[in-house]
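S.K.: First the structure, then my questions, so here it is.
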Amino acid sequence: MANKIIGTMANAQKYSSAIIKLAKKKKVDAIHPGYGFLSENVEFAKRCGEEGILFVGPKPEVMERLGDKIKAKKVAQLAQVPIIEGSSDFSNPEQALEAAKKIGFPVILKAAAGGGGRGMRVVKSADELIGSIDMTRSEAKAAFGNDVVYMEKYLGTPRHIEFQVLADEHGNAIHLCERDCSMQRRHQKVVEEAPAPGLTEEERARIGEVA
């Protein structure tokens with residue numbers, strides 16, 4: 001799987017160079033990256049800026065901050081957005097156990113560079129913790145080339161509701177309402193439903209404002 005991901009990323013770099021070359025030849029002003037790797041490719045966004053081409057999407061520094069889940073949580077805290085209790089400071093077993101006991105079992109380990117349900121592991125007791133950290137780090141390294149993991153309180157039956165946010169370079173921002181992604185298999189979304197069933201207008205307005 002790791003070889004497949006690395007190969008896909010290498011193809012993304014190859015395609016990004018070809019797209020930049022074609023854009024310069026055709027003298028285009030802006031590029032919308034579409035979906036997939038190029039839409040979250042920091043280097044591609046930087047290349048567009050260096051070549052004087054508008055990248056229709058987040059700025060590279062924003063992508064770098066939010067692409068790392070630990071950094072993203074810190075950004076959320078600074079913006080006073082409520083987050084799930086967790087910890088990323090456990091460089092040794094004693095720190096990890098102390099953090100898990102403070103949060104309260106069960107906890108979930110997540111890859112900082114993760115996504116798509118990869119590099120995630122639920123830990124139900126202290127006896128499982130250290131071995132689970134090692135396995136999660138190994139999975140994260142293989143899948144994302146980054147073995148940094150963090151820990152959060154595990155919520156067994158949550159609603160997973162996402163709000164899409166659209167912002168411009170002038171500081172204006174709106175949300176485009178929500179989608180319910182609660183139906184999952186192995187922590188990966190299977191079905192997305194919009195609007196989210198059972199969400200009141202008051203809840204929609206409150207969560208949208210937080211987003």
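S.K.: Checking His187 against (1) under 30 Å from Phe55 (Cα atoms); (2) within 20 Å of the chain's Cα centre (by Cα): exactly one of these is not met. Which one?
M.R.: (1)
S.K.: How many residues are over 20 Å from Ile83 (Cβ atoms) and under 18 Å from the mean Cα position of the chain (by Cα) when one looks only at region 137-166?
M.R.: Within region 137-166, residues that are over 20 Å from Ile83 (Cβ atoms) and under 18 Å from the mean Cα position of the chain (by Cα) number 11.
S.K.: I'd like the full set of residues that are touching a residue at least 12 places away in the same chain (Cβ under 8 Å) and within 18 Å of the chain's Cα centre (by Cα), limited to region 190-201.
M.R.: Once the filter is applied, which keeps residues that are touching a residue at least 12 places away in the same chain (Cβ under 8 Å) and within 18 Å of the chain's Cα centre (by Cα), region 190-201 yields only Glu192.
S.K.: Go through (1) surrounded by fewer than 14 Cβ atoms within 10 Å (Cβ to Cβ); (2) within 25 Å of Lys71 (Cβ to Cβ) and name the single condition Val190 misses.
M.R.: The failed condition is (2).
S.K.: Also: For region 43-59, give me each residue that is of a type outside the set (Gly, Ala, Ser), open to solvent by 30 Å² or more (accessible area, probe 1.4 Å) and either farther than 15 Å from Glu169 by Cα or assigned to a helix (DSSP H, G or I) (or both).
M.R.: Scanning region 43-59 gives Glu43, Lys46, Arg47, Glu50, Glu51.
S.K.: Here's a follow-up. Could you please give the count of residues in region 87-124 that are farther than 20 Å from Ala143 by Cα, in contact with a helix residue (DSSP H, G or I) (Cβ under 8 Å, 6 or more places away or on another chain) and open to solvent by 40 Å² or more (accessible area, probe 1.4 Å)?
M.R.: Residues flagged as farther than 20 Å from Ala143 by Cα, in contact with a helix residue (DSSP H, G or I) (Cβ under 8 Å, 6 or more places away or on another chain) and open to solvent by 40 Å² or more (accessible area, probe 1.4 Å) within region 87-124 amount to 5.
S.K.: Hey, another quick one. Give the residues of region 163-183 that are in contact with a strand residue (DSSP E or B) (Cβ under 9 Å, 6 or more places away or on another chain) and among the acidic types (Asp, Glu), sorted by residue number.
M.R.: Residues satisfying the conditions are Glu178, Asp180.
S.K.: Name the residues in region 125-161 that are touching a Ser or Thr at 6+ places or on another chain (Cβ under 7 Å) and open to solvent by less than 40 Å² (accessible area, probe 1.4 Å), would you?
M.R.: Matches in region 125-161: Val149, Tyr150, Met151.
The values are calculated or read from the model by the stated rules, or taken from the named source; none is laboratory data. Keep in mind that this is a model prediction, so the values were computed, not measured. Every residue, glycine as well, gets a Cβ built from its backbone with ideal geometry; the counts of neighbours run over all protein chains shown. The accessibility values were calculated without ligands, DNA or RNA, using every heavy atom of the protein model including side chains. Shrake-Rupley method; radii C 1.70, N 1.55, O 1.52, S 1.80 Å.
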